[in-house]
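Trainee: I'd like to ask you about the structure that follows.
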Amino acid sequence: MAELAYQRCIHPHCGATVDLMDTSFQCPKCGGLLDVAYEWDKLPVPKTLKHFESKWANRNHPLDFSGVWRFRELFPFAPDEKILTIGEGQTLCQRADLVGQYAGMKPGNTYLQYEGMNPSGSFKDNGMTAAFTHAIMTGARRAACASTGNTSASLAIYCAATQKMRAVVFIGSGKISYGKLSQALEHNALTLQIAGDFDDALRRVQEVSRQLGIYLVNSINPFRLEGQKSVMLRVLEALNWEVPDWIVVPGGNLGNSSAFGKAFTELLELGLIKKAPKIAIINAAGADTFYQLYEKQGVRWNAGRPDGGKIDGYMKYLDDADKRADTLASAIEINRPVNLPKALRALERCGGCVREVTDTEMLDAKAKIGAGGLGCEPASAASVAGLLKLVREGVISPDERAVCILTAHLLKDPTATVAYHSADQKTFDDVLGKRGVKRASFANRAVQVPNQLDAIVQAIEVYA
Ligand code: F0G
């Protein structure tokens, strides 16, 4: 099967191909990003998406149980016996009318795709199982990533659960939440805290991986994105194979948006869907490179020749001004998204737009998501904050159907949540106030009561 899958430069005018087993993840001819590509006409592709329902009856087969690998016919780069799964992708696409009402949508039209249910608590496991499988196929013994926390947690648990590889994680000092740092440490990853932020760590990990021949699992790795395509397949599955009008997704390194665009492009090419949803990519206002380039400077994929001058010019401006990403949504605190060209391509193929939301908007949306029954971390809530903004602008109609991706679990970053709901002004100021958040509109404050039965009973009668 392997020779029917290979790697290919994403730029059509270059089109260089690279062996499936190559681990440099860079086009040798033009330096561009790579895709995993397939000889679809020689592969057994299902005729309809309903075909995947047959997997549900086979849940004691680990590959059919996995919410990623049960769709493996749509990313057939690994023979079954090489695939490594830890049961990832058992996630949920929930109709969310309360959240929809907050965003201004009509009942029944808002869904939340909750990726916090993955083994490491974030969407990263969808891609990690795929990259990890490829790593094993290539004979790797060590794998590395730079991370704002979730990638490192995911890599650490795959290494710990399989004992097949040693995890080396690079994190920016002081830029990682305790929830995520605790996972890297607990699951026994070699954890390097480098003086700098995520953008610095990502540059370093690429250098070091090249020098030491360590397998890189950041989303520059195209196999990660193959696994992440399954998030969209599960969305379609949950919607009875109907394509929604919009997918709304937070944008950090732009791996998800790129993977989603590739998934829908392939499904269209294979005749498995008739139209693609539009994709709305939501940046944090403090880390809004993609918003600036796409919406303000009009940079487009342009059939594989995006305006490199504008992109380089913006990166130079960031360097010259020493402008660092700065948002409470630490997971998307990224100013140099590595998958930028692939995300441009996704927007060209599917249509859509890019928006930015403030920390306050994300935290308010997060509280509404929580009150509706699903808990996510601040970066994830960018999707719902973005939906609200786009409905207000009239870009998304309340009559359309939108799926917001909740990328990770609430308990990934409890500090921001507790500070938001805190009755103690100092706690609020220390965590949120000093980062520019002025108010918590939907705070659910703890009620202080003396240790007396009467007072407790009275408090409950008054407040509940
Ligand atoms: N949401 C969460 C919770 C994340 O952890 C990340 C990325 C994103 C969104 C952004 O996703 O890169 O696909 O646009 N976290 C990375 C990490 C960078 O290291 O864990 P993207």
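Trainee: Can you pick out the pairs among 106/296; 124/426; 47/389; 389/434; 316/389 whose Cα atoms lie more than 32 Å from each other? Write down the numbers at each step before the final one.
Mentor: Working: 106/296 30 Å; 124/426 34 Å; 47/389 38 Å; 389/434 25 Å; 316/389 30 Å.
Pairs exceeding the cut-off: 124/426; 47/389.
Trainee: Still on this structure: Could you name the aspartates and glutamates in cross-link range of residue 310, using Cα to Cα under 16 Å and dropping any fewer than eight places away on the same chain?
Mentor: Excluding near neighbours in sequence, the set is 288, 295, 319, 320.
Trainee: Using Cα positions and a limit of under 13 Å, work out the aspartates and glutamates in reach of residue 366, with same-chain residues fewer than 8 apart set aside.
Mentor: Here the aspartates and glutamates satisfying the reach criterion relative to residue 366 are 377, 413.
Trainee: Next up: Taking the Cα centre of the stretch 135-231 as origin, sum charge times position over the Cβ atoms of Lys and Arg (+1) and Asp and Glu (-1), and report the length of that vector in debye to the nearest 20.
Mentor: The calculation lands at about 260 debye.
Trainee: Sort by residue number and name the cysteines in the chain that have no neighbouring cysteine Cβ under 4.7 Å.
Mentor: Within the chain, the cysteines lacking a partner Cβ under 4.7 Å are 93, 145, 159, 350, 353, 376, 404.
Trainee: Mean separation of Cα pairs under 8 Å and 6+ residues apart, divided by the residue count of the chain: what relative contact order is that in percent? List each step's numbers first, then the result.
Mentor: Working: 923 pairs, mean separation 74.8, N = 464.
RCO, the chain: 16 percent.
Trainee: Here's another thing I want to ask about it. Kindly write out, for the stretch 197-211 in residue order, the coupling ³J(HN,Hα) from the Karplus curve 6.51 cos²θ - 1.76 cosθ + 1.60 (θ = phi - 60°), rounded to whole Hz, with x marking Gly and Pro.
Mentor: Ordered by residue, 3J(HN,Hα) equals 10, 4, 4, 5, 4, 5, 5, 5, 5, 5, 4, 5, 4, 4, 5 Hz.
Trainee: In whole Hz, what ³J(HN,Hα) sequence does the stretch 226-235 give by Karplus (6.51, -1.76, 1.60; θ = phi - 60°), x for Gly and Pro?
Mentor: With the stated coefficients, the stretch 226-235 comes to 4, x, 6, 4, 5, 4, 5, 5, 5, 4 Hz.
Trainee: Using modelled amide H (1.01 Å from N, peptide plane; none on Pro or chain starts), what sits under 5 Å from the amide H of residue 216, excluding residues fewer than 5 places away?
Mentor: Answer set, sorted by chain and number: 144.
Trainee: Packing-wise, with mean Cβ within 10 Å as the measure, how do 131-141, 149-159, 36-46 rank, highest first?
Mentor: Details: 131-141: 20.7, 149-159: 29.7, 36-46: 14.3.
My ranking of the peptides, most packed first, is 149-159, 131-141, 36-46.
Trainee: If you don't mind, there's one more thing I want to ask. What do you get for the angle between helix 124-137 and the principal long axis of the chain? Use alpha-carbon atoms, 0 to 90 degrees, nearest ten.
Mentor: Between helix and principal axis, roughly 30 degrees.
Trainee: List the residues, sorted by chain then number, that are 5 or more residues from residue 278 or on another chain and whose placed amide H is less than 5 Å from its amide H.
Mentor: For residue 278, whose amide H was placed from the backbone, the distant partners under 5 Å are 246, 247.
Trainee: Quick one: Karplus J couplings for the stretch 346-363, per residue in order, coefficients 6.51, -1.76, 1.60, θ = phi - 60°, nearest Hz, x for Gly and Pro?
Mentor: With the stated coefficients, the stretch 346-363 comes to 4, 5, 5, 6, 9, x, x, 6, 10, 9, 10, 10, 7, 4, 4, 4, 5, 5 Hz.
Trainee: At 0.36 nm per residue, minus the direct Cα-Cα distance, what do residue 14 and residue 459 gain on full extension? Give it in nm, one decimal, please.
Mentor: Between residue 14 and residue 459, full extension yields an extra 153.3 nm.
Trainee: Only helical DSSP H runs with n ≥ 4 go in: add -39500 (n - 2.57) per run for the chain, normalise by residue count and round the 222 nm mean residue ellipticity to 500 deg cm²/dmol. Present the calculation step by step, with values, prior to reporting the outcome.
Mentor: Details: 15 runs with 169 residues, N = 464.
Taken over the chain, the calculation gives -11000 deg cm²/dmol.
Trainee: Give me the number: length gained by fully extending residue 321 to residue 203, i.e. 0.36 nm times residue separation minus the C-alpha to C-alpha distance, one decimal in nm.
Mentor: Values: separation 118, 0.36 × 118 = 42.48 nm, distance 1.87 nm.
Computed gain between residue 321 and residue 203 is 40.6 nm.
Trainee: Then there is this: Suppose each label sits 7 Å from its Cα in the direction of the beta carbon; what would the residue 58-residue 295 distance come out to in nanometres?
Mentor: Simple spin-label model gives 4.4 nm for this pair.
Trainee: Each label point is 7 Å from the Cα along the Cα-to-Cβ direction; what then is the distance between the points at residue 40 and residue 371, in nm?
Mentor: The answer from the label model is 4.4 nm.
Trainee: Still on this model: Please give every one of the lysines within straight-line cross-link reach of residue 262, meaning a C-alpha to C-alpha distance under 16 Å, and leave out same-chain neighbours fewer than 8 residues apart.
Mentor: Result set, ordered by chain and number: 229, 274, 275, 278, 342.
Trainee: Show me the ranking of peptides 75-86, 118-129 by mean Cβ neighbours inside 10 Å, starting with the highest.
Mentor: Per-residue Cβ counts within 10 Å, averaged per peptide and sorted highest first, yield 118-129, 75-86.
Trainee: For a quick check: with amide H placed at 1.01 Å from N, whose amide H comes under 5 Å from residue 193's, ignoring anything fewer than 5 positions away on the same chain?
Mentor: The answer is 171.
Trainee: Quick one: if you stick a label point 7 Å off each Cα along the C-beta vector at residue 448 and residue 188, how many nm between them?
Mentor: In this crude spin-label approximation the distance works out to 4.6 nm.
Trainee: Highest first, please rank the peptides 252-262, 169-179 by the mean number of other Cβ atoms sitting within 10 Å of their residues. Intermediate results must be reported in sequence, preceding the final value.
Mentor: Details: 252-262: 28.9, 169-179: 20.4.
Descending packing order for the listed peptides: 252-262, 169-179.
Trainee: Here's another thing I want to ask about it. Can you tell me how much longer the chain between residue 265 and residue 160 gets when fully stretched, taken as 0.36 nm per residue apart minus their C-alpha distance, in nm with one decimal? The partial results should precede the final answer.
Mentor: Details: separation 105, 0.36 × 105 = 37.80 nm, distance 3.48 nm.
Full extension from residue 265 to residue 160 adds 34.3 nm.
The numbers here are math on the coordinates, done by the rules we state, and not lab data. All values reported here derive from a predicted model rather than from experimental measurement. We place every Cβ from the backbone using ideal geometry, glycine too, and count neighbours over all the protein chains shown.
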